[in-house]
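The values are calculated or read from the model by the stated rules, or taken from the named source; none is laboratory data. Given the structure is predicted, the values throughout are model-derived calculations rather than measurements. Here the Cβ positions follow ideal geometry from the backbone for every residue, glycine too, while neighbour counts run over all protein chains shown. Only protein heavy atoms, including side chains, enter the accessible area calculation; ligands, DNA and RNA are left aside. Shrake-Rupley method; radii C 1.70, N 1.55, O 1.52, S 1.80 Å.
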Amino acid sequence: MEKNIFILGLLVIVSACKTSDVVEQKPVAVSESDFTIAFGSCNKHDEVNPLWDDVLATNPNIWIWGGDNIYADTDDMEELRGVYEAQNNVPGYKTLRQTVPVIGTWDDHDYGLNDGGVEFKAKKESEQEFLDFMGVAKDSPRRTREGVYAVHNYSLPEGKIKVLVLDTRYFRTALTPSTTKERRVQPNVYGEGTILGEQQWKWLTEELTNSDADFNILVSSVQYLSNKHGFEGWGNFPHEVDKLKRLLKESKAKGAMILSGDRHISEFSVDNVNGIEYPLIDFTSSGLTHTYTGFSGEENPYRVGEVIFVKSFGVLDFNFKTKIVNFKMIGDNGKVLEQLRQKY
């Protein structure tokens, strides 16, 4: 299959998808990885996931759940627990979690309420079931804190990586229904509502401001940059989008990037934010067991490369010496569907 290279400054995208335009450039050399992250979202325990062996083949240092890790949509904790247990017993995933540390966040279908937010009445109970699924110790401070947001620090001889797992459900206030049939929701009035809530914003500000990591990875279950599709996303709270951009600028956090899911498609979105010395990348990887196979196009002013709508997961390879991160969408049998390399 023809490979196309898209050049955007220091950012390089190699796509396995066919397009009519090919930009002839010398490819950036692939760098060796000092640390590898694999992540994915939108996973049904009772549908075949052909990717677990491919995830293991990338030899990741960690696996990150990006949300919709199971599909339960229930306030019955016994039922929710049963679905989590079934997922833990899926052979491929069972091998993965016995081999690789697992962290992550939830989205609406494992939270318990489709498109749900602060109003979900069983959220405290659901949080405990989620923490059980993630293997969080019973005496962890996370057990008494509202919301599943968390920080994970990884120190290597070569450098440091900070993973900031966000919770876009527990505190998220009401969405605004769309006034048109083409979209489900529309942006709130600027300044109204929140996606992270006061306490999580305070925590995130402290973590980024005090970070000495070479790379800071923010995990959001919903897309951050893509804002025209009319579904859930940060774009429905435009003031919170701006707030995060200001925080990234003022904190001077190095190598910040966003991993997202939810949409049943995979794509790269990139924004050149004034005051941030590197492009801000939102890497959406979705889904693992089911995808938007009927995808026929949608507007995303930040998209680079092509939209992938076959089953896939995401991989990030970090090289501390070159400061290059290689972002890859990987399908069944280890096929690289699209990749992007960025120097920080």
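Restricting E232, E198, E207, E158 to residues that are out of contact with any Ser or Thr (no Cβ under 6 Å at 6 or more places or on another chain), over 28 Å from K328 (Cβ atoms) and not aliphatic (A, V, I, L, M) narrows the list to E198. Restricting attention to the range 184-221, the residues that are assigned to a loop (DSSP other than H, G, I, E, B) and farther than 21 Å from R145 by Cβ add up to 11. None of E267, E306 is more than 12 Å from the chain's Cα centre (by Cα) and not in a loop (DSSP other than H, G, I, E, B) except E306. Only one entry of F133, F120 meets the criterion of being crowded, with 17+ Cβ neighbours inside 10 Å and closer than 28 Å to I161 by Cα, and that entry is F133.
Among the residues of the range 209-240, those identified as in contact (Cβ under 8 Å) with a residue 24 or more places away in the chain and among the polar types (S, T, N, Q) are T209, S211, N216, S220, S221, Q223, S226, N227, N236. Which residue pairs have Cβ atoms under 6 Å apart, sit 6 or more places apart or on different chains, and have a first residue in the range 181-200 that is under 16 Å from V241 (Cα atoms) and open to solvent by 100 Å² or more (accessible area, probe 1.4 Å) and a second that is modelled with pLDDT of 95 or more and not hydroxyl-bearing (S, T, Y)? Pairs that qualify, where the first residue is under 16 Å from V241 (Cα atoms) and open to solvent by 100 Å² or more (accessible area, probe 1.4 Å) and the partner is modelled with pLDDT of 95 or more and not hydroxyl-bearing (S, T, Y), are Y190/P238; Y190/H239. Here Y302 does not fit the description of being open to solvent by less than 30 Å² (accessible area, probe 1.4 Å), modelled with pLDDT of 95 or more and within 22 Å of Y344 (Cβ to Cβ).
Of all residues in the range 9-28, none are modelled with pLDDT of 85 or more, closer than 15 Å to V315 by Cβ and open to solvent by less than 20 Å² (accessible area, probe 1.4 Å). In the range 271-285, the residue that is surrounded by the fewest Cβ atoms within 10 Å (Cβ to Cβ) out of those that are touching a Lys or Arg at 6+ places or on another chain (Cβ under 9 Å) and over 17 Å from K323 (Cβ atoms) is N274.
For the range 141-164, residues that are open to solvent by less than 50 Å² (accessible area, probe 1.4 Å) and not β-branched (V, I, T) total 11.
Considered as a group, the residues in the range 59-86 that are touching a Ser or Thr at 6+ places or on another chain (Cβ under 6 Å) and touching a residue at least 60 places away in the same chain (Cβ under 8 Å) include one that is surrounded by the fewest Cβ atoms within 10 Å (Cβ to Cβ), and that residue is N61.
With respect to the conditions (1) in a loop (DSSP other than H, G, I, E, B); (2) of a type in the set (D, E); (3) surrounded by fewer than 20 Cβ atoms within 10 Å (Cβ to Cβ), D167 lacks only one, and its number is (3). Taking the stated definitions as given, is K245 open to solvent by 20 Å² or more (accessible area, probe 1.4 Å), at pLDDT 95 or above and not in a loop (DSSP other than H, G, I, E, B)? Yes: the conditions hold for K245.
Against the test of being of a type outside the set (D, E, K, R), surrounded by fewer than 17 Cβ atoms within 10 Å (Cβ to Cβ), on the phi < 0 side of the Ramachandran plot and over 19 Å from the mean Cα position of the chain (by Cα), the options N89, N114 yield a single qualifying residue, N89.
Within the range 324-337, residues that are without any contact (Cβ under 8 Å) to a residue 24 or more places away in the chain and open to solvent by 20 Å² or more (accessible area, probe 1.4 Å) have Cβ atoms under 9 Å from residues that are of a type in the set (A, V, I, L, M) and in a strand (DSSP E or B) in these pairs: K328/V315; K328/L316; K328/V336; K328/L337; K328/L340, counting only partners at least 6 apart in sequence or on another chain.
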